[in-house]
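The values are calculated or read from the model by the stated rules, or taken from the named source; none is laboratory data. It should be emphasised that the depicted structure is a prediction, and the values quoted were computed from it without experimental measurement. Cβ placement follows ideal geometry from the backbone for every residue including glycine, while neighbour counts extend to all protein chains displayed. Ligands, DNA and RNA are stripped out before the accessible areas are found, and what is left, the full protein with its side chains, is counted by its heavy atoms. Shrake-Rupley method; radii C 1.70, N 1.55, O 1.52, S 1.80 Å.
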Amino acid sequence: MARIRVLVVDDHRIFAESLAAALAAEPDVDVSAAGSGPAALRALERAAAEGRGYDVLLVDAELGALATGAAHAVPVPRPEEAGVVDGISLVAGVSSGRPAVRSVVLAEKDDPRAAARALQAGASGWVAKDCSLQRLLAVIRGVLRDETHLPPALLTGVLRELTAARKHRTESERLVESLTPREREVLRCMVAGLGRKAVAERLFLSPHTVRTHMQNVLGKLGVHSTLAAVALARRAGVGPAEHPLGDVVERGGQLAQ
C-alpha cells in the first residue's frame, strides 16, 4: 500500500498533535507535526535528504500569529522576520521550491480574500479546521490527484477575488510596460530596497540622475511614494534586482535624500 506522508504545521500545539494523532490512525498515512514555519522547512529538508519527502502540507492559515501578536497572518510572501514565517509565505515557498508537495490551508473561518491569496501562493485547498476527519482525508487524497478543493460557500467569493487580482495585475503590467528599460532597472532596485546612493553605484549613474529616474517612475506609475511603486511592481510580477545592497529607499513615504 502506497503511504501518504503528511506534515501538519500549526503553532497551536494541542491542535497540531491532536490532528496528527487522528491522521496517524489511518493505515495509509504517515504524519508528523511542526510548530512553526522554520520548523516545517527544516522538516522538509531533512525528509528530502533522507529520500522520503512529504506529499502534503497541512498549514494553519494564521501560522505565526501567536509569535507576532497579529490578528491575521500576512497575506503575501515576505522574508523571515525574527524566525517567524506566516502560513501563506510558507505555502508560497514550498510551492516554488518543492512543487511536488501539495499544500492545504486549514482555517478557522471562511475568508474569500485569504483563500484566494492562498491559491495564488500555490495552495491546492482551503479547509475548515472543524471539518470532519473524513472530509480532510478526502481533500488530502484529492490534492494528490491534482484536484483543487474549496468549500462551496467560498467559491463565488474566491473567483471574484481572483478576477479582481488579475485585473489589477493587468493594469499594473501595462503601467510597468510604459517605463523605459533604464527606468525598469531603477524600479527593480527599488523593489530590492536600495536607496538612491546604492542605485547610483549599482547602475553607474549620478545620484541626481537616479533621483530623476525615480521621480519619472513614480509619475508614470501614477503613485506618490516608493512603497506604492513597489507594491504595484510586485503585482506586475517585477522582481528585485539581484544581490541588493544599501539603504531602504522609503523614508516616511518620501524618496530618500
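Screening Ala92, Ala40, Ala70, Ala82 for residues that are more than 17 Å from Lys129 (Cα to Cα) and either at pLDDT 90 or above or among the hydroxyl-bearing types (Ser, Thr, Tyr) (or both) leaves exactly one candidate, Ala40. Scan the range 1-38 for residues that are in contact (Cβ under 8 Å) with a residue 12 or more places away in the chain and in a helix (DSSP H, G or I) and the total you get is 10.
Taking the criterion of being in contact with a helix residue (DSSP H, G or I) (Cβ under 9 Å, 6 or more places away or on another chain) and more than 25 Å from Leu41 (Cβ to Cβ), the residues of the range 93-131 that qualify are Asp110, Pro112, Arg113, Ala128, Cys131.
Summed over the range 6-20, the residues that are more than 19 Å from Ile88 (Cβ to Cβ) and among the aromatic types (Phe, Trp, Tyr) give a count of 0. Gly97 passes every criterion in (1) open to solvent by 30 Å² or more (accessible area, probe 1.4 Å); (2) within 18 Å of the chain's Cα centre (by Cα); (3) at pLDDT below 70 apart from (3). So which of Leu144, Leu137 is modelled with pLDDT of 90 or more, within 16 Å of Asp55 (Cα to Cα) and open to solvent by 30 Å² or more (accessible area, probe 1.4 Å)? Only one candidate qualifies: Leu144.
The residues of the range 208-237 that are open to solvent by less than 30 Å² (accessible area, probe 1.4 Å) and of a type outside the set (S, T, N, Q), listed by number, are Val210, Met214, Val217, Leu218, Leu221, Val223, Ala229, Val230, Leu232, Ala233, Ala236.
Report, by residue number, each residue of the range 116-132 that is open to solvent by less than 50 Å² (accessible area, probe 1.4 Å) and more than 16 Å from Leu57 (Cβ to Cβ). Residues satisfying the conditions are Ala116, Ala128, Cys131.
In the range 147-163, how many residues are under 26 Å from Ala22 (Cβ atoms), aliphatic (A, V, I, L, M) and open to solvent by less than 40 Å² (accessible area, probe 1.4 Å)?
2
All conditions in (1) in contact (Cβ under 8 Å) with a residue 12 or more places away in the chain; (2) surrounded by 17 or more Cβ atoms within 10 Å (Cβ to Cβ) hold for Leu205, with the sole exception of (1). Between Leu203, Leu227, the distinction of being at pLDDT 80 or above and closer than 18 Å to Thr180 by Cβ belongs to Leu203 only.
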